[in-house]
Amino acid sequence: MDSLLIKGGVPLQGDVTISGAKNAVLPILAATLLTSEPCVIRRVPNLSDVKFMGQILTWLGAQVRFEGDQVSVHAKKIKGAGDYDLIRKMRGSICIMGPLLGRLHTATVSLPGGCIIGARPINLHLKGFQALGARVTIERGYVQAKAKRLRGSAMFLGGRAGSTVLGTANVMMAATLAEGVTVIESAACEPEVVDLANFLKAMGAKISGAGSPTITITGVEELHGAEHEVIPDRIEAATYAIAATATNGEVTLRGVRPEHMHAVLDKLKDSGAKIDCNARGMTVSRNGRLKPVDITTLPYSGFPTDAQAQLMALMALTPGISIITERIFESRFMHVSELARLGADIEIEGPSAIVKGGKPLSGAPVMASDLRASAALVIAGLAAKGTTQVNRVYHIDRGYENIDGKLRQLGARIQRIEES
Ligand code: EPZ
């Protein structure tokens with residue numbers, strides 16, 4: 001298992017280009033299953049999760065071709081059941097269920113187990129499929145949704161933590177080929193849901209209200225092939241913006257969409273960052289001393305849970321007390337004990353972490369536990385004195401394209417240690 005070796009203390013300087021959004025491209029690739037015609041998706045990031053989705057589509061019978069940041073998919077003839085070994089590797093693959101159910105009226109996938117950040121049930125996805133008239137069964141670790149015909153209907157998809165992103169995506173995809181009108185209330189408003197809806201509309205789907213809590217889908221007979229360019233990754237952008245602030249550097253993020261990042265940029269400004277949107281992109285630097293901020297993670301357009309760990313790393317460097325409350329996932333503080341190994345002073349009280357910041361961090365070997373936790377450890381390592389070794393970086397390769405290469409481009413002293 002590869003690891004990253006980081007010699008900290010260098011302010012990041014220069015330009016970095018933001019890749020396509022992982023959490024948009026996964027459901028968009030799944031949506032290509034809705035048509036028997038060819039589709040072309042552009043600005044596809046080179047990530048292990050994306051490769052997994054490519055393998056799953058191939059397993060289902062689609063022809064998949066990766067060329068640089070472009071993927072061509074032709075799902076001429078497909079089967080309705082996903083392979084256990086492939087599906088279990090990536091929770092996001094649950095979003096093949098909606099397209100399979102929509103097109104074939106049957107979908108069988110292995111039930112995704114729990115995950116290190118939370119239980120992550122799929123009850124809302126299944127509730128949506130049942131509302132469209134599907135019969136849902138769970139047997140021997142597999143979940144199956146089957147229907148003679150799908151009928152549009154009104155449903156409420158809000159849960160314990162509010163809306164569900166992939167649940168909204170899954171039901172929206174199935175409803176595009178249902179008879180009649182579907183109305184999803186308490187729908188997720190994330191930019192990735194809007195990007196998926198735009199791709200579906202390019203395929204001929206009738207959708208309105210994407211980006212708002214009420215999405216209306218009028219079913220059509222069939223969908224055709226289409227081309228689409230994926231939106232930039234707002235979480236990758238947030239990660240580089242926080243790293244620039246943490247290292248007291250000056251970084252310009254190219255190809256970014258600031259309008260997708262209001263909550264993060266607002267908190268960054270409060271913490272002492274200077275954000276300048278210009279012709280080259282978005283330039284992030286420090287604006288004097290760092291200041292502590294409190295955050296609570298919420299569904300979009302609130303502060304994203306996927307940037308919580310990275311912001312915590314910045315607060316560990318910031319003199320004063322900040323309170324970070326995680327409202328989306330039950331156990332998304334795995335990075336706290338690893339940040340403590342670098343010298344951070346953080347206490348967990350129920351859903352909140354109390355960060356007593358300002359103590360200088362010093363490099364140490366640390367262990368990545370999940371995708372965003374590993375990004376936080378990289379940021380802390382870049383700001384710490386001495387050398388940090390981040391182990392199990394396969395977590396970070398799932399969601400960050402060429403992170404060590406991009407950071408080296410910004411002057412970071414970072415190298416990947418490949419384990420033979
Ligand atoms: C998406 O996961 C993202 N993944 C996650 O990003 C992100 O953290 C999450 O949305 C929230 O923004 C992808 O898009 C591939 P949810 P998703 O359903 O859709 C509960 C990353 O780091 N819930 O919106 O699986 C659930 O347990 C990843 O890139 C139910 O109770 O998340 C959670 O507490 C991590 N029942 C909350 O809702 C359901 O049926 C939000 O989950 C579904 C969800």
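Under 5 Å between amide hydrogens, built in the peptide plane, is the criterion, and for THR247 it picks out LEU12 among residues at least 5 positions away or on other chains. Beta bridges per DSSP, both residues in the range 331-420: antiparallel share near 55 percent. Mind listing which trypsin sites (Lys or Arg not before Pro) in the range 95-174 are in a DSSP loop and have 13 or fewer other Cβ atoms within 10 Å? The qualifying sites are ARG140, LYS148, ARG149, ARG160.
In the frame of its principal axes, the chain has Cα extents of 63, 45, 42 Å, reported largest first. Label-to-label distance for GLU221 and LEU111 is 3.9 nm, based on points extended 7 Å past Cα in the beta-carbon direction. A DSSP coil position with no more than 10 other Cβ atoms inside 10 Å describes the following trypsin sites (Lys or Arg not before Pro) in the range 242-291: ARG289. Applying a DSSP loop filter and a limit of 16 other Cβ atoms within 10 Å to the GluC sites (Glu not before Pro) in the range 309-349 leaves GLU330.
For GLY386, the residues whose amide H sits under 5 Å from its own are GLY8, GLY363, ignoring neighbours fewer than 5 places away on the same chain, with H placed 1.01 Å from N.
Solvent-accessible surface of protein heavy atoms, probed at 1.4 angstrom with all chains present, puts GLU229, GLU236 in the order GLU229, GLU236, largest first.
How high is the relative contact order of the chain, given as a whole-number percent (alpha carbon pairs under 8 Å, six or more residues apart)? Could the numbers behind the result be given before it?
Details: 1057 pairs, mean separation 90.2, N = 420.
So the answer I get is 21 percent.
Solvent exposure of LYS206, expressed as accessible area, is near 120 Å², computed with a probe of 1.4 Å over the protein chains only. Tally Lys/Arg at +1 and Asp/Glu at -1 over every other residue whose Cβ is under 11 Å from the Cβ of THR387; what's the total? Once positives and negatives cancel, what remains is +3. The residues packed around SER163, meaning those with a beta-carbon under 10 Å from its beta-carbon, carry a net charge of -2 if Lys and Arg are +1 and Asp and Glu are -1.
Close amide H contacts of LEU132 (hydrogens built in the peptide plane, cut-off under 5 Å, sequence separation of 5 or more or a different chain): none are found. What FRET efficiency comes out for ASP15 versus ARG135 if R0 is 45 angstrom and r is the Cβ-Cβ distance? Round to the nearest 0.05. Efficiency at R0 = 45 Å is approximately 0.25. At q = 0.12, 0.21 Å⁻¹, what base-10 log of I(q)/I(0) does the Debye formula yield for the range 181-296 when every alpha carbon is treated as an equal point scatterer in vacuo? Results for the range 181-296 at q = 0.12, 0.21 Å⁻¹ read -0.57, -1.07. Considering only beta bridges that DSSP places wholly inside the range 31-143, some 95 percent are antiparallel.
About its Cα centre, the dipole of the chain is roughly 300 debye, where the only charges are +1 on Lys and Arg Cβ and -1 on Asp and Glu Cβ. Across the range 273-285, computed HN-Hα scalar couplings (Karplus, 6.51 cos²θ - 1.76 cosθ + 1.60, θ = phi - 60°) run 8, 10, 10, 10, 8, 9, 4, 7, x, 10, 9, 10, 8 Hz from first to last residue, x flagging Gly and Pro. Considering only beta bridges that DSSP places wholly inside the chain, some 75 percent are antiparallel.
Across the range 140-156, computed HN-Hα scalar couplings (Karplus, 6.51 cos²θ - 1.76 cosθ + 1.60, θ = phi - 60°) run 6, x, 10, 10, 10, 10, 9, 8, 5, 8, 9, 10, x, 7, 8, 8, 10 Hz from first to last residue, x flagging Gly and Pro.
Ranked from largest to smallest solvent-accessible area, with a 1.4 Å probe on the protein heavy atoms, ILE379, ILE138 come out as ILE138, ILE379. Just how far, in whole angstrom, is the range 25-47 from the range 159-203 if you go by their alpha carbon centroids? Centre-to-centre (Cα) distance: 16 Å. Backbone phi angles across the range 158-165, fed through the Karplus curve with coefficients 6.51, -1.76 and 1.60 (θ = phi - 60°), yield HN-Hα couplings of x, x, 3, 10, x, 6, 10, 5 Hz in residue order; Gly and Pro are listed as x.
The values are calculated or read from the model by the stated rules, or taken from the named source; none is laboratory data. Only a predicted model underlies this, so the values are computations on that prediction, with no experimental measurement involved. Virtual Cβ from ideal backbone geometry, glycine too; neighbours counted across all protein chains shown. What goes into the accessible areas is simple: the full protein's heavy atoms, side chains included, and nothing from ligands, DNA or RNA. Shrake-Rupley method; radii C 1.70, N 1.55, O 1.52, S 1.80 Å.
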